[in-house]
Structure formats: C-alpha cells, structure tokens
Amino acid sequence: MKLTEHFSLEEFSCSTTAKRLKIENKIPDHLMANIQFTANKLELVRKVLAHPIIITSGYRCPALNTQVGGSPTSAHTKGLAVDFHCAYGDPKQICQRLIASGIEFDKLIQEHNQWVHIQFNPTGHRQQVLTAIKQNGKTIYLPGLV
Ligand SMILES: [Zn+2]
C-alpha cells in the first residue's frame, strides 16, 4: 500500500529479523496515523538528501523490539522512527545535511557510523541530535555529532 509518492506501508513493517524469527510485525490500525505522519516527514528528508531512503527498520512490534534490544519506549514501537541509509553519504554526512537544512525532527541519531535513526513527534519536535557509540560493549549516546 502506497503511503506517499516514494514510501509504501511494506517498507515500514518489513524486517529481516522478524522474518527469521517468524514474528509477524503487523502494524496495528491505531498506529496507521503515526506511520502516515512519518512517511510524510520522510518525503521531506528524501527531498533534502536528493537520493532514495533505504529503510532498514521502521515499525517494530513489541516482540520484535525486544529481540533487537530496543528500548521499551522506543519510537519504533509507535511507528514514529526509522533507521535508514542513503547513497547521499555516510551517516554523519547525512546528519550534517539534515541539520543544515533546518528540517524538523524530534531526534536524529548517528548510529555507530552504520545507519541514521530519525524520529518524529506529531505533538512537537525537539531537534535533538545524538551519536551512538559502543563503549565496553554497551551502546552509549553522546550529545551532538561526534
Ligand atoms: Zn532506530
């Protein structure tokens, strides 16, 4: 099902981890408005980066979120966050471009130099920027882009 010009519902529910573990990861009806909100915002992200956005993790049902070690309050479980990469550049370059564009987001995280996490909030955006790194095997979040 098409949500916007460049994003479909399937891109938000597709998960290789869910497939492997036979978790259904179906988006509940009450979160459809959030998913649509996120898709609309991602169109703006795509426009700024001028390249396709490859979503590697969108919606996560609670079972999937637990499997991937996500925070129980993760915006992924509300349909308000996606992890992605983009041929525009590496994760840090993508974050720098998005910040410079003045685009609205709630939280933007450069994760381990591997992907970008972006989340939105229909009730207001904090423009928070973080960098995730591993320290002694644990993920920690540093303020700003490191
Ligand atoms: Zn994420």
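The values are calculated or read from the model by the stated rules, or taken from the named source; none is laboratory data. Only a predicted model underlies this, so the values are computations on that prediction, with no experimental measurement involved. In this analysis, Cβ positions are derived from the backbone assuming ideal geometry, glycine residues included, and neighbour counts consider all displayed protein chains. These accessible areas exclude ligands, DNA and RNA; they are computed on the full protein's heavy atoms, side chains included. Shrake-Rupley method; radii C 1.70, N 1.55, O 1.52, S 1.80 Å.
Kindly indicate the residue of region 91-112 that is of a type in the set (A, V, I, L, M, F, W, C) and open to solvent by 40 Å² or more (accessible area, probe 1.4 Å) and also nearest to LEU42 (Cα to Cα) among those meeting that condition.
Among those residues, the one meeting the criterion is ILE99.
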Q | Out of VAL68, VAL82, VAL48, sole residue that is at pLDDT 95 or above and either within 16 Å of the ligand (Cβ to nearest atom) or not β-branched (Val, Ile, Thr) (or both) | A | VAL82
Q: Considering only residues that are touching a residue at least 12 places away in the same chain (Cβ under 8 Å) and either farther than 15 Å from GLN119 by Cβ or in contact with an Asp or Glu (Cβ under 6 Å, 6 or more places away or on another chain) (or both), look in region 37-48 and name the one that is most open to solvent (accessible area, probe 1.4 Å).
A: ARG46
Q.
Go through (1) of a type in the set (D, E, K, R); (2) outside any helix (DSSP H, G or I); (3) under 20 Å from PHE120 (Cβ atoms) for GLU10 and report which single condition fails.
A. (2)
Q: Those residues that are within 21 Å of ARG20 (Cα to Cα) and open to solvent by 10 Å² or more (accessible area, probe 1.4 Å), I need them from region 73-82; list them, please.
A: THR77
(Q) Looking at region 106-118, I want the residues that are over 12 Å from GLN128 (Cβ atoms) and have a partner that is among the acidic types (Asp, Glu) and near the ligand (Cβ under 9 Å from one of its atoms) with Cβ atoms under 6 Å, at least 6 apart or on another chain. Which pairs are those? (A) TRP115/ASP83
Q) Restricting the search to region 79-117, which residues are in contact with a helix residue (DSSP H, G or I) (Cβ under 6 Å, 6 or more places away or on another chain) and farther than 17 Å from LEU145 by Cβ? A) GLY79, LEU80, ALA81
